[in-house]
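One structure below.
The values are calculated or read from the model by the stated rules, or taken from the named source; none is laboratory data. Just so it is clear, the structure is predicted and the values come from calculations on it, not from any experiment. A quick note on method: Cβ atoms are made from the backbone with ideal geometry, for glycine too, and the neighbour counts reach across all protein chains shown. Please note that ligands, DNA and RNA were not included when accessible areas were found on the heavy atoms of the full protein model with its side chains. Shrake-Rupley method; radii C 1.70, N 1.55, O 1.52, S 1.80 Å.
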Amino acid sequence: QVQLVESGGGLVQPGGSLRLACAASGSILSTDVMGWYRQAPGKERELVATITSGGSTNYADSMKGRFTISRDNAKNTVYLQMNSLKPEDTAVYYCKLSGWRRVRDYWGQGTQVTVSS
């Protein structure tokens, strides 16, 4: 079993920054991909970014340049640095762990990010 715990969400003004963290516990494999997704009210959950244990990253086009995903394999933790935040970035941000050796995906409980003046 794997458990994911997100932290770092909160209220920030437009143009501000936040750093989210997701700590994974349990059996973490080198083939696991960790990532961030978000879901705004009334919208479907969407990809933000993913990262492999080797550091290969993938970003949604709208996130490129403002968001940076990173991973500390020794701590089984993935981070999301969010800069130049906009009101439309307001959403619940979820951490996800998946991989070809897994029979299922794992999700965290989510952390709220609100961008408002």
Would you please list the contacts, defined by Cβ atoms under 8 Å and residues six or more apart or on different chains, that run from a residue in the range 36-50 that is closer than 19 Å to ARG66 by Cα to a residue that is open to solvent by 40 Å² or more (accessible area, probe 1.4 Å) and in a loop (DSSP other than H, G, I, E, B)? TYR37/ARG45; ARG38/ARG45; GLN39/ARG45
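For the range 1-44, which residues satisfy the criterion of being among the basic types (Lys, Arg) and either in a strand (DSSP E or B) or open to solvent by less than 40 Å² (accessible area, probe 1.4 Å) (or both)?
Kept after step one, since they are among the basic types (Lys, Arg), are these residues of the range 1-44: 19, 38, 43.
Passing the criteria: ARG19, ARG38.
Just checking, which of SER56, SER98, SER84 is over 14 Å from TYR37 (Cα atoms) and in contact (Cβ under 8 Å) with a residue 12 or more places away in the chain? Don't jump to the end; show me each part of the working.
Values: SER56 fails: in contact (Cβ under 8 Å) with a residue 12 or more places away in the chain; SER98 fails: over 14 Å from TYR37 (Cα atoms).
Exactly one residue qualifies, and that residue is SER84.
Residue-by-condition table, conditions (1) under 24 Å from SER116 (Cα atoms); (2) more than 12 Å from the chain's Cα centre (by Cα):
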{"site": "ARG19", "(1), (2)": "yes, no"}
{"site": "THR31", "(1), (2)": "no, yes"}
{"site": "ILE69", "(1), (2)": "yes, no"}
{"site": "LYS96", "(1), (2)": "no, no"}
{"site": "ARG101", "(1), (2)": "no, yes"}
